[in-house]
Each structure stands twice: as structure tokens, then as C-alpha cells.
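Remarks on the structure that follows.
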Amino acid sequence: MLQLIPPDVDMYEAWRASHVEWGPGMHEDGFGLASTDDVGTAEGFGQWVDRLNAAEDLCVCRWIVDGGEVVGGIALRFQDNDFTHRHWHVGYGVRPSARGRGVASWALDEILKLARPKGLTQVLAVCESGNVASARTIEKLGGVPAGGSYSSDVRHYWIDVGE
């Protein structure tokens, strides 16, 4: 059964298994992982988890978990400003072995429920231009192409989060 959970130090081994599957150099969207984060040690992992959880008033990060396995990550920024309009409000990633099972659609639908109480009426979601599956996921949840001058490498979509 799929769940969204806050980053948790007790999930170190499950998260590491997901991280290893992504492979070296792969960017894991939705995890809030920076190049300066040391997730190779339990201490560094704990510091990263603490950083993510401390920022919940600005951005909520959730791990997508299925039966104790970390299958992805999703993040939602609550600010509605120039930065989020240039980048995104919501971003997600699903580990390769869990793709094609509706995990991203489920997680996106769940995280959008947190947007309205924070005052957002719509959110900007992005995906790489060549990522047809992610584009379909966003469109399935009501995403419509955003106008404006965005990078041709990335598709931008507005999603209404309702009343």
C-alpha cells in the first residue's frame, strides 16, 4: 500500500536501496537532495533528513513508500513567487523499478491536497521535455501547458488545485 511519509532516519537502509538503484550521477527529483548532502553515512543522512524536515513551512518533502520500500520522492514548495514560477512548486521522481505502476499519479494527487490549505490555487509542475510518462502524469491530474519563456528542455504545466 502506497504512503507519503516525511523523511525519516529510520528508513536509512530502504532509502539507500532506492538511491543505489538511481545510479551515480542521476538526479533524484522530489527528494531535496543537494550535491553537498553527505548521504553516504548515517550521520550525514541524519543531517540531511533534519534539514528537509526543518524546512516544512517553505517546502514539504515526502517519500513515497510501498511496503517499507522507498519507491520515490515528491516535494511541494508553498511560496508563490518569482523563484517558483521560474522553477516549480511540485517535483517528483520514482525509482526505475517502480515506474509504470501509477506511483507518480497517486503521489501527485496526494501532495496537491496540501497546496490549498497553504493558500495556493494552482501549482507549477515540470518535467523533462522527453519524459512522456511524466507529462502524461501531470496532464492526467489536470496540468495544462504554461505559457511564457521557459527552457525548451523542460515542460511547464499549471495544475489547478481547486477550491
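The values are calculated or read from the model by the stated rules, or taken from the named source; none is laboratory data. Since this is a predicted model, take the numbers as computed values, not measurements. Here Cβ is always computed from backbone atoms with ideal geometry, including for glycine, and neighbour counts include all displayed protein chains. For the accessible areas, the whole protein counts, side chains as well, though only heavy atoms, and no ligand, DNA or RNA atoms are used. Shrake-Rupley method; radii C 1.70, N 1.55, O 1.52, S 1.80 Å.
If r is the Cβ-Cβ distance from residue 16 to residue 160 and R0 is 45 Å, what FRET efficiency results, to the nearest 0.05? Calculated transfer efficiency: 0.75.
In the stretch 29-91, what GluC sites (Glu not before Pro) fall in a loop by DSSP, with at most 15 other Cβ atoms inside 10 Å?
In loop regions of the stretch 29-91 (DSSP not H, G, I, E or B), the sparsely surrounded GluC sites (Glu not before Pro) are 56.
The calculated FRET efficiency for the pair residue 118 and residue 43, based on their C-beta separation and a Förster distance of 41 Å, comes to about 0.80.
I need the calculated FRET efficiency for the pair residue 101 and residue 5, taking r as the beta carbon distance and R₀ as 22 Å, to the nearest 0.05. Computed FRET efficiency for residue 101 and residue 5 comes out at 0.75. Across the accessible surface of the chain, with the other protein chains kept in place and a 1.4 Å probe, carbon and sulfur atoms take up 51 percent. Dividing the alpha-carbon radius of gyration of the stretch 4-129 by the rule-of-thumb value 2.2 N^0.38 Å gives 1.02.
Taken along the Cα-to-beta-carbon direction at a fixed 7 Å, the label points for residue 55 and residue 144 span 3.1 nm. The equivalent ellipsoid that matches the C-alpha gyration tensor of the stretch 76-157 spans semi-axes of 20, 17, 10 angstrom, in descending order.
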